[in-house]
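The values are calculated or read from the model by the stated rules, or taken from the named source; none is laboratory data. All figures in this text were calculated on a predicted structure; none of them were measured in a lab. Cβ placement follows ideal geometry from the backbone for every residue including glycine, while neighbour counts extend to all protein chains displayed. Ligands, DNA and RNA are stripped out before the accessible areas are found, and what is left, the full protein with its side chains, is counted by its heavy atoms. Shrake-Rupley method; radii C 1.70, N 1.55, O 1.52, S 1.80 Å.
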Amino acid sequence: GHIYELQQLYDKAMESYQNGMQDNANNPKLLQHIAWLRLQDCPFQNVTTAIQLLTKASEIDPSDAQSWYILGRCQVGVREYNKAHHAYQQAVYRDERNPTLWCSIGILYYKIGQYKEALDAYSKAIRFNPFMSAVWYNLGTLYESCKQPPDAKDAYQHALEIDKDSVHVRERLHRLQLAAENPNLPLDSLPPLPAVLEPVVIRALEHINPLESLAGGQVAQGGQEVKTEPTSGQAATSAPQGLPLDLSCLAAGISPEAAEVARKMTAQPLSLLGLVQQGGLGALSQDTVASLLSGSG
């Protein structure tokens, strides 16, 4: 089945997997493979079914970090952030030095506005593998969100050194240059760029998970997508309850659900690197970057 899947012969792959299910419907690796097939750009695509299969696989074999990781990715895709945090946490317990996992954890934190924790997670990913273009790109967009264009430029340049053909990185650098030359230039009128890049692309999730603005958007409640708006009369400079108050870059009006997720994640944080300066989101110093690139520290 896996060979057929690699050849994009999805009908034969599913037939082989189903034959395996007849022999052993509780094989966690088989469940994992079927779930992965359900996440491909093919006629069998179904994220809900993939989540069910991965949940069962992780229950049968909770020691498999890969099942937990893919499950977390799916739950981020459907905006079940509490469940995603739990899945990533289980994956970290079993594979704590996986840079792909830490990059995705950073993306989760970024999406709910926990920028300090996102910085820590990205730094962890870079320490374990400094040659992932996606994590440097994500670090750049994080700095842009916090109005730190020089640090964003440094991160994008690292990303470009790794992936010289990246259209997104080149465009980010181009727009930083335009903004520096003409601060009044309306860059919002340009086509949007991805706010984050996952290190492993899952096509099914790209169709259902456009990154929503922290200042309002759609969040999942009971499996339903609902519109959220900033609370009437809320001060533009106030931080939502439960989020770090020393982050001036944090947007007001984050949905109550996301704020509650952030509060719980702060109360039960993952084991992260302490690379953040007190009082705000600081840049990674040149010494720190050199240390990450060299793998020391």
Could we say that Asp165 is farther than 24 Å from Ala204 by Cβ, in contact with a Gly (Cβ under 8 Å, 6 or more places away or on another chain) and among the acidic types (Asp, Glu) here? no
Name the residue, out of Tyr88, Tyr81, that is in contact with a strand residue (DSSP E or B) (Cβ under 9 Å, 6 or more places away or on another chain) and closer than 30 Å to Gln148 by Cβ. Tyr81
Take Gln45 and tell me if it is of a type outside the set (Phe, Trp, Tyr), in a loop (DSSP other than H, G, I, E, B) and closer than 25 Å to Leu6 by Cβ. yes
What residue, among those in segment 1-21 that are open to solvent by less than 80 Å² (accessible area, probe 1.4 Å) and outside any helix (DSSP H, G or I), is nearest to Leu31 (Cα to Cα)? Gly1
Please enumerate the residues belonging to segment 154-191 that are open to solvent by 70 Å² or more (accessible area, probe 1.4 Å), outside any helix (DSSP H, G or I) and modelled with pLDDT of 90 or more. Lys164, Asp165
Any idea which residue in segment 56-80 is farthest from the chain's Cα centre (by Cα), counting only those that are of a type in the set (Ser, Thr, Tyr) and open to solvent by 10 Å² or more (accessible area, probe 1.4 Å)? Ser63
Somewhere in segment 116-137, is a residue more than 28 Å from Glu161 (Cα to Cα), of a type outside the set (A, V, I, L, M, F, W, C) and in contact (Cβ under 8 Å) with a residue 60 or more places away in the chain? no
Scan segment 1-22 and report the pairs whose first residue is under 15 Å from Pro43 (Cα atoms) and whose second residue is charged (D, E, K, R) and part of a helix (DSSP H, G or I), with Cβ atoms within less than 7 Å and a gap of 6+ or a chain change. Tyr4/Lys12; Ala13/Glu5
Tell me, please, whether a residue that is surrounded by fewer than 24 Cβ atoms within 10 Å (Cβ to Cβ), within 23 Å of Ile208 (Cα to Cα) and in contact with a strand residue (DSSP E or B) (Cβ under 7 Å, 6 or more places away or on another chain) can be found in segment 23-38. no
Please count how many residues of segment 192-211 are in contact (Cβ under 8 Å) with a residue 40 or more places away in the chain and in a helix (DSSP H, G or I). 3
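Tell me yes or no: at least one residue of segment 95-103 is open to solvent by 40 Å² or more (accessible area, probe 1.4 Å), among the basic types (Lys, Arg) and in contact (Cβ under 8 Å) with a residue 60 or more places away in the chain.
No, because not a single residue in segment 95-103 is open to solvent by 40 Å² or more (accessible area, probe 1.4 Å), among the basic types (Lys, Arg) and in contact (Cβ under 8 Å) with a residue 60 or more places away in the chain.
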Of the conditions (1) assigned to a helix (DSSP H, G or I); (2) modelled with pLDDT under 95; (3) not basic (Lys, Arg), Trp102 clears all except one; give me its number. (2)
